[in-house]
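Asker: Can you read through this structure? Questions will come right after.
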Amino acid sequence: MFAPEVVVSPDYNIILIGSGDREHPLLSHTTATSVDNAFFMIKDKPSDAAWWSTETGSCLSLALACINSLLAINPDSTLLPTESQLAAKKGWYMPFGTAGTTHDKEQVVTSAVAVMGVVTFSTHTPTPPDPNICGSNLGLARVYNLGFMDGRPVGTTRFVPITGGGLPPSPVAGMVTVIHPTTGQSITVPFVIGASSDSPLEGSSPRPIASPTTYKGRVYWYLQH
């Protein structure tokens, strides 16, 4: 349902996207088979025609990206991948859905946004309704804030539960100009909405892993006839 987030680096393009079924969040609980979802960081280099040909030995002789092209990162582990481990792969992925773990049936239900070296996205773990209970259960929602280069946590953990659960909206980020109430001086600062555990609608300042020297922004316009 969502386009990937793409970060252009000097060496390659970084594609950030997660898998899940926001339209049918309970489907994995009502079918005999279910999908193990994940969040993916894929490095792509369109200028290099041989970029994916090196994956033929890992991806069934096909020159494309497959799960073996990526380094698995445990969402619960405190260990960080080494530079050599990351350099040997075309990116990383964070698997969810493993039966018997706290991430069983978890799925990514939002787009991702990257700000100052950090990628933010949210997940949902559905809870099947109990026919013997009159009430609603919105399931467990989590927000992830990770360094998109290596999956490192921003803070002590990679994720925190979102108060209220449910299906959170996608995070957004941008720049806003604020004016000091007494001096009248204006300043433009970055913001991100949807990175907090208190509410997916709460805005806050980004928590940077990397401090950019320049800022990029989207420009919108319309034609009036």
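Readers should treat all values here as calculations from the given coordinates under stated rules, not as data from a laboratory. All of these numbers come straight from a predicted model, not from anything done at the bench. Heads up, the Cβs are rebuilt from the backbone with ideal geometry, glycines too, and the neighbour counts pull from every protein chain shown.
Asker: Please identify, among K89, K105, K43, the residue showing maximal mean-square fluctuation in a Gaussian network model of the chain using a 10 angstrom Cα cutoff.
Answerer: The residue with the greatest mean-square fluctuation here is K89.
Asker: About its Cα centre, how strong a charge dipole does region 60-217 have in debye, to the nearest 20, once Lys and Arg get +1 and Asp and Glu get -1 at the Cβ?
Answerer: Result for region 60-217 is approximately 380 debye, rounded to the nearest 20.
Asker: Quick one: if you stick a label point 7 Å off each Cα along the C-beta vector at E202 and A63, how many nm between them?
Answerer: Simple spin-label model gives 5.0 nm for this pair.
Asker: Oh, and also: Out of these labelled values of volume of the Cα convex hull per residue in Å³, (i) 132; (ii) 220; (iii) 160, which was calculated from the coordinates shown here?
Answerer: (ii)
Asker: Over the chain, with a Gaussian network built from C-alpha contacts below 10 Å, which listed residue (A72, A50, A173) shows the highest mean-square fluctuation?
Answerer: Of A72, A50, A173, the Gaussian network model singles out A50 as fluctuating most.
Asker: Run the helix sum for the chain: -39,500 (n - 2.57) per DSSP H stretch of 4+ residues, divided by residue count, reported at 222 nm to the nearest 500 deg cm²/dmol.
Answerer: When only DSSP H runs of four or more count, the value is -500 deg cm²/dmol.
Asker: Say a site is exposed when it is one of the GluC sites (Glu not before Pro), sits in a DSSP loop, and has at most 16 other Cβ atoms within 10 Å; what is then the longest site-free stretch of the chain?
Answerer: 24-201
Asker: Compute the separation of the alpha-carbon centres of region 7-28 and region 105-149 and state it in Å as a whole number.
Answerer: Cα centroid to Cα centroid, the span is 13 Å.
Asker: If each residue's Cβ is checked for other Cβ atoms within 10 Å, how do H225, H24, H124 rank with the fewest at the top?
Answerer: H225, H24, H124
Asker: Residue farthest toward the positive end of the dipole of region 5-204, with Cβ of Lys/Arg at +1 and Asp/Glu at -1: which of I73, Y12, S197?
Answerer: Y12
Asker: A further question on this structure: About the Cα centre of region 1-137, how large is the charge dipole given +1 on each Lys and Arg Cβ and -1 on each Asp and Glu Cβ? Please answer in debye to the nearest 20.
Answerer: Roughly 160 debye for region 1-137.
Asker: Further question on the same structure: Please find, in a Gaussian network model of the chain (springs between Cα atoms separated by less than 10 Å), the residue of G155, G164, G18 whose mean-square fluctuation is greatest.
Answerer: Judging by the Gaussian network model, the answer is G155.
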